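The next block holds one structure in the form of structure tokens; read it before the comments.
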Amino acid sequence: MLAPMRALELKIPPLLLTAVFLALIVAVSHWVPAASAPFPHHQTAAALFSIAGLALLFGAALQFRMQRTTLDPRVPGKASRFVARGLFRVSRNPMYLGMALLLLGIACWSANAVAYALVIVFCIYLTEFQIKPEERALQALFGQEYLAYKARVRRWI
């Protein structure tokens with residue numbers, strides 16, 4: 001029997017998780033207005049984080065497509081190869097980093113402390129229930145080559 005929390009591994013598609021957290025961030029900006037603390041140029045920061053996030057997300061997805069490997073993060077064992085060039089030289093998870101930056105952009109737009117906390121919760125959840133299980137699967141598939149990659153490239157940035 002799986003431990004209850006481990007049963008969540010690889011279950012929720014990260015794009016769906018991102019959409020849920022995006023909705024939560026928008027909702028808390030309306031439900032908890034007292035937590036808002038706009039700072040100068042917060043909307044500019046929001047736009048920059050959002051654009052950077054989308055560029056990372058779609059750029060990394062394009063790299064996967066060009067390498068003809070699976071984009072379905074729920075079944076990392078189906079990966080035909082792991083991608084270690086381009087954006088993946090800087091981050092082992094540029095798609096997830098892109099999702100987090102997009103959420104950070106939305107949180108900046110609302111300038112709400114609870115929204116920022118939700119971005120942190122998103123990153124923790126994604127690390128524990130998506131990234132770590134993916135890393136185990138990739139290590140099993142690609143062995144020493146993947147371990148060497150892990151040693152030289154950070155998980156997020």
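Which whole-number percent gives the relative contact order of the chain, counting Cα pairs below 8 Å spaced six or more residues apart?
Relative contact order of the chain: 37 percent.
Multiply the residue gap between residue 120 and residue 136 by 0.36 nm, knock off their C-alpha separation, and tell me the result in nm, one decimal place.
Extra length available between residue 120 and residue 136 comes to 3.5 nm.
Probe of 1.4 angstrom, ligands and nucleic acids ignored: what's the accessible area per residue over the chain, in square angstrom?
56
When the helices in the chain are scored as -39500 (n - 2.57) per DSSP H run of 4 or longer and the sum is shared across all residues, what 222 nm value do you end up with, to the nearest 500 deg cm²/dmol?
Roughly -20500 deg cm²/dmol at 222 nm, from the helical runs in the chain.
Treating only the Cβ atoms of Lys and Arg (+1) and Asp and Glu (-1) as charged, compute the dipole magnitude of the range 1-135 about its Cα centre; round to the nearest 20 debye.
In debye, rounded to 20, the range 1-135 gives about 520.
Would you calculate the separation in nanometres between label points at residue 30 and residue 65, each defined as 7 Å from the Cα along the Cα-to-beta-carbon direction?
It works out to 3.3 nm between the two label points.
Roughly what angle does helix 132-152 make with the longest principal axis of the chain, taking Cα atoms, 0 to 90 degrees, to the nearest 10?
The two axes meet at around 80 degrees.
If each of residue 145 and residue 44 carries a label point 7 Å out from its Cα toward its Cβ, how far apart are those two points in nm?
Taking the simple label geometry, residue 145 and residue 44 are separated by 4.6 nm.
Return the aspartates and glutamates within reach of residue 132: Cα separation strictly under 16 angstrom, same-chain partners fewer than 8 residues apart disregarded; answer none if there are no such residues.
9, 72
With a cut-off of 8 Å between alpha carbons and a minimum separation of six or more residues, what is the relative contact order of the range 80-157 in percent?
55
Based solely on C-alpha atoms, express the radius of gyration and the Dmax of the chain in angstrom.
For the chain, the Cα radius of gyration and maximum Cα-Cα distance read 16.7, 52 Å.
Relative to the longest principal axis of the chain, what angle (0 to 90°, nearest 10) does the C-alpha long axis of helix 113-126 take?
Helix 113-126 sits at roughly 10 degrees to that axis.
Can you tell me the 0 to 90 degree angle between the C-alpha axis of helix 94-110 and the longest principal axis of the chain, rounded to 10?
Roughly 0 degrees between the two axes.
Relative contact order of the range 26-114: what whole-number percent is it, with Cα pairs under 8 angstrom and at least 6 residues apart?
Computed over the range 26-114, the figure is 53 percent.
With each label point set 7 Å from Cα along the Cα-Cβ vector, what nm distance links residue 55 and residue 7?
With each label placed 7 Å out from Cα toward Cβ, I get 4.3 nm.
Leaving out ligands, DNA and RNA, and with a 1.4 Å probe, what % of the accessible surface on the range 1-139 is carbon or sulfur?
72
The values are calculated or read from the model by the stated rules, or taken from the named source; none is laboratory data. What you are looking at is a predicted structure, and each value in this text was computed from that prediction instead of being measured. Note that we place each Cβ from the backbone using ideal geometry, even for glycine, and neighbour counts take in every protein chain shown. Note: areas computed on protein heavy atoms with side chains; ligands, DNA, RNA excluded. Shrake-Rupley method; radii C 1.70, N 1.55, O 1.52, S 1.80 Å.
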